[in-house]
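Below you'll find the structure, written out as structure tokens, and then a few comments.
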Amino acid sequence: MILIIDDDPTVRMSLKLLLRRAGFSSEEASSPDEALSKARLESYSLILMDMNYSLSTTGEEGLELLMKMRIFQPDTPIILITAWGSIELAVEGMRAGAYDFITKPWDNRTLLQRIETALSLNAENNPIHEKRASAFDRGGIIGSDPALIELLSTVERVAPTDASVLILGENGTGKEMIAQAIHANSRRSKNPFVMVNLGGIAQSLFESEMFGHAKGAFTGAIAARKGRFEMADKGTIFLDEIGDLDMSCQVKLLRVLQQHTFEPLGDSRSRKVDIRVVSATNADLPAMVEARTFREDLFYRLNLITLRMPPLRERASDIPELLNHFLSSSASAENREIPEIEAETMEWLMRLPYPGNIRQLKNMAERALLVGGKILTKKDFFTPGLSPENAFVAPASTLESREKRSIKEALDAAGGNMSRAARALGITRQALYRRIEKYGLNE
């Protein structure tokens, strides 16, 4: 049973008819008192609640009612309905424990998808999970460390839904593979999986790249071109390096995620899109929200489900299996025998910090196969001229030193102009700001 809370009878009737056609039963409440009375006596599977409640324009009544509803319905997902201009109010509601929010005028299909996702994730015994349990596709993800198994268990649970997922983790941990596993185990698996590296898209090209353009929209647009969102229609779009997105581009992205519509450059006609959004970053988004370099409303829209990809040093028990896999793959490609790893060397490998994570381990394995013999030892896994103890610190620090020098040179050449320096480096202004902060180049 779904509870609809709204003081507008037209809205209540519209939602009731929509839910009935979708096979859901519902009850209505036209006032806070009636809503609380029902919440005390009845258990609901989901609550739809208008935040702009009663005659007040501040939303205080909506927030107060939400907090009271959480007391009587602590485990029931609550989806807030609010006007586009009141998104800040919806964000406050998310902080207070709401599950999701949608803006007016809503799209019926989008609202039903959000409802089905909320019900599916909240169900104690989800039949979808039972059907897919034995057929879960790991997508090539290797390992049996408890941290990884716990993560994959969550992936298996959320994949069949349309919930937006935010994947956090250091570079090289395999965030893209998790995104692909989510898509492979979803109801959208036969439709496109479109990956976008937002850190590599200049601010000036964002709209064209993401929304596409009409012929003649700008100089050089000799033909119409589909954007990434249109390419991903009915499938999944993976927004990698979401933390590098410029603030002005964040606003444009939020509108698409909210309304599921966009306009290609040079075309005034709106296009509808049906997508599932998975995003990833190695940045500290909550800290960026606090510093006002990342929009809070976009953050809440992206992280309905948050997954943290553990770094390799936190799942050291998987290193032998990963090494054997990389050595086997490389040996096959090079038409060589698969070498063994000396026991002492394996123990040493399992104790290393791996700042580059799985990507670094893969490179080490490929190099060891080429330079080593039938039994690999420590010397086969590090660069000549570096001691084994420093082999995994020096490359990272060397790369950082080069990056710092490149950024300083680009800033000097651009006369301190951030936009020109970012273009010269091939990164966004946001990414450049983060690196300037990291290397203490603010002066």
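With r as the distance between the Cβ atoms of Leu41 and Asn335 and R0 = 56 Å, compute the FRET efficiency 1/(1 + (r/R0)^6) and round to 0.05. That gives a FRET efficiency of 0.15. Computed from the C-beta positions of Ile142 and Met1, the FRET efficiency with R₀ = 41 Å rounds to 0.40.
Fully extending the segment from Lys378 to Ser153, taken as 0.36 nm per residue of separation minus the present Cα-Cα distance, adds 77.5 nm.
What whole-number volume per residue, in cubic angstrom, does the convex hull of the C-alpha atoms of the chain give?
Convex hull of Cα atoms, per residue: 189 Å³.
The order of the peptides 337-343, 239-245, 363-369 by mean Cβ neighbours within 10 Å, most packed first, is 239-245, 363-369, 337-343. Consider all pairwise Cα distances in the stretch 201-264 and report the whole-number % of them above 16 Å. Roughly 47 percent, once rounded to a whole number. Of the residues Lys378, Lys190, ranked by 1.4 Å probe accessible area with the largest first, the sequence reads Lys190, Lys378.
Note on the chain: GNM, Cα springs under 10 Å; of Pro311, Pro320, Pro264, the largest mean-square fluctuation is that of Pro320.
For a paramagnetic label modelled at 7 Å from the Cα of Leu265 toward its Cβ, which residues of the stretch 227-247 fall within the zone defined by backbone nitrogen distances under 15 Å? Residues 227-229 qualify, since their backbone N sits under 15 Å from the label point.
Could you work out the relative contact order of the stretch 276-381? I mean the mean sequence separation of Cα pairs under 8 Å and 6+ apart, divided by the number of residues, in percent.
Values: 75 pairs, mean separation 27.9, N = 106.
Value for the stretch 276-381: 26 percent.
In the assembled protein chains, Asp233 presents an accessible area of approximately 50 Å² (probe radius 1.4 Å).
In this label model, Arg255 and Glu342 are separated by 6.3 nm, measuring between points 7 Å along each Cα→Cβ vector. Taking a ≥ b ≥ c as the square roots of the eigenvalues of the Cα gyration tensor of the stretch 133-180, is the shape rounded (a/c under 1.5), prolate (a/b larger than b/c) or oblate? Oblate. From the square roots a ≥ b ≥ c of the eigenvalues of the alpha-carbon gyration tensor of the stretch 149-204, which class results: rounded (a/c under 1.5), prolate (a/b over b/c), or oblate? Oblate, since a/c reaches 1.5 and b/c is not below a/b. For Ser26, nonlocal amide neighbours, meaning residues 5 or more places apart or on other chains whose placed amide H falls under 5 Å from its own, are Ile2.
All distinct Cα pairs of the stretch 227-352 go into the 1/r average, and the inverse of that average, the Kirkwood radius, is 18.4 Å. Rolling a 1.4 Å probe over the protein heavy atoms leaves Ile375 with an accessible area of roughly 100 Å². Backbone amide hydrogens, once placed in the peptide plane, bring Ile167 within less than 5 Å of Ser279, Ala280, Thr281, Leu307, excluding anything fewer than 5 places away on its chain.
Relative contact order of the chain, please, whole-number percent, based on alpha carbon pairs below 8 angstrom and at least 6 residues apart.
13 percent.
Per residue, the chain exposes 48 Å² of accessible surface when a 1.4 Å probe is rolled over the protein heavy atoms with every protein chain present.
Computing FRET efficiency as 1/(1 + (r/R0)^6) for Leu370 and Asn417, where r is the C-beta to C-beta distance and R0 is 56 Å, gives about 0.80.
Taking the helices alone, the chain has a mean residue ellipticity at 222 nm of -13500 deg cm²/dmol, built from -39,500 (n - 2.57) per DSSP H run of at least 4 residues and averaged over all its residues.
Cross-linked pairs Lys362/Lys408; Lys252/Lys272; Lys16/Lys234; Lys362/Lys404; Lys234/Lys272: Cα-Cα separations exceed 21 Å for Lys362/Lys408; Lys16/Lys234; Lys362/Lys404.
The values are calculated or read from the model by the stated rules, or taken from the named source; none is laboratory data. Not measured: the values here are computed from a predicted model. Reconstructed Cβ throughout: ideal geometry from the backbone, glycine too, with neighbour counts over all protein chains shown. Please note that ligands, DNA and RNA were not included when accessible areas were found on the heavy atoms of the full protein model with its side chains. Shrake-Rupley method; radii C 1.70, N 1.55, O 1.52, S 1.80 Å.
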